[in-house]
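See below for the structure under consideration.
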Amino acid sequence: MKNTPQHEAPPSGRLTRAERREQMLDIALTIIREEGADRLTLGYLAAQAGVSKPIAYEHFGTRAGLLIAMYRALDQRQSAVLRDALNKTPPGLRGAADVLAGAWMHCSADGSGEWHAIGAALAGSEEMIGVHKELIGEYVRLFAATLAPYSTLAEEELHRRCVGLIGAGEALSVLMLDGQCSEQDAAQTFSALIQSGVGAG
């Protein structure tokens, strides 16, 4: 009989609602990483987190709600890494482009298994399409705000080019994850596209 892995819960004690939610999201990510998305249900998550099933339903509502919450949590971590890296970058287009490209590819490589599994589990979900569109919009705005000081383009044109750059970054991530290029090569190519694409003056 196959043993069911037990995911470590925090020490006993009353957690705040936010802490409990964060705990369950971390355990859910571990379940997907170690056992696959098919294993993840709200009931199984509750058992692994040491809480009653109604608590899991109270936090996430449905399995799709849990998966979307996980997707958002992964995105927030990627965004935080990117913003932190940008805060440490000296002024200049090349430096900004290198940081944007490097952080994008590193986060894609680091969370590839979870991103892919969650995306596959939510394939065809209208709610997920809306969430993905929202998150991509946030990255477009971040890219545009970062690159605006080095561009001579009108605001609307810079925004459209950043939409294209994000698409290129996603495509390069797929190439990297398929093993067709290294993370470093993907980042260098993405940086070159960013530098050539923003109309630096």
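The values are calculated or read from the model by the stated rules, or taken from the named source; none is laboratory data. This one's a predicted model, so the numbers in the text were calculated from it and none came from an experiment. Note that we place each Cβ from the backbone using ideal geometry, even for glycine, and neighbour counts take in every protein chain shown. Accessible surface areas use protein heavy atoms only, side chains included; no ligands, DNA or RNA. Shrake-Rupley method; radii C 1.70, N 1.55, O 1.52, S 1.80 Å.
A few remarks follow.
- Protection proxy ranking, peptides 71-79, 158-166, average beta carbon neighbours within 10 Å, highest first: 158-166, 71-79
- Surface share of carbon and sulfur [accessible, 1.4 angstrom probe, percent] for the chain: 53
- Residue (of GLY164, ALA120, VAL131) at the positive-pole extreme of segment 97-172, dipole from beta-carbon charges: GLY164
- Just so you know, the averaged projected area of the alpha carbon convex hull for segment 48-116 sits at 6.0 nm².
- Label-to-label distance, nm, for residues given as ASN87 and ALA109 (7 Å Cα→Cβ offset): 2.4
- Alpha-carbon Debye profile of the chain, log10 I(q)/I(0) at 0.12, 0.13 Å⁻¹: -0.69, -0.78
- For segment 51-201, accessible area per residue (1.4 Å probe, heavy atoms of protein chains only), Å²: 51
- Charge dipole magnitude, Cβ of K and R +1, D and E -1 - the chain, Cα centre, debye nearest 20: 440
- Surrounding net charge for VAL174, when Lys and Arg each add one and Asp and Glu each subtract one, Cβ distance under 15 Å: -4
- Selected from ALA103, HIS59, GLY43, residue furthest toward positive end of dipole (segment 24-109; charges at beta carbon): ALA103
- Over all other residues within a Cβ to Cβ distance under 12 Å of VAL131, the charged ones net out to -3, with Lys and Arg as +1 and Asp and Glu as -1.
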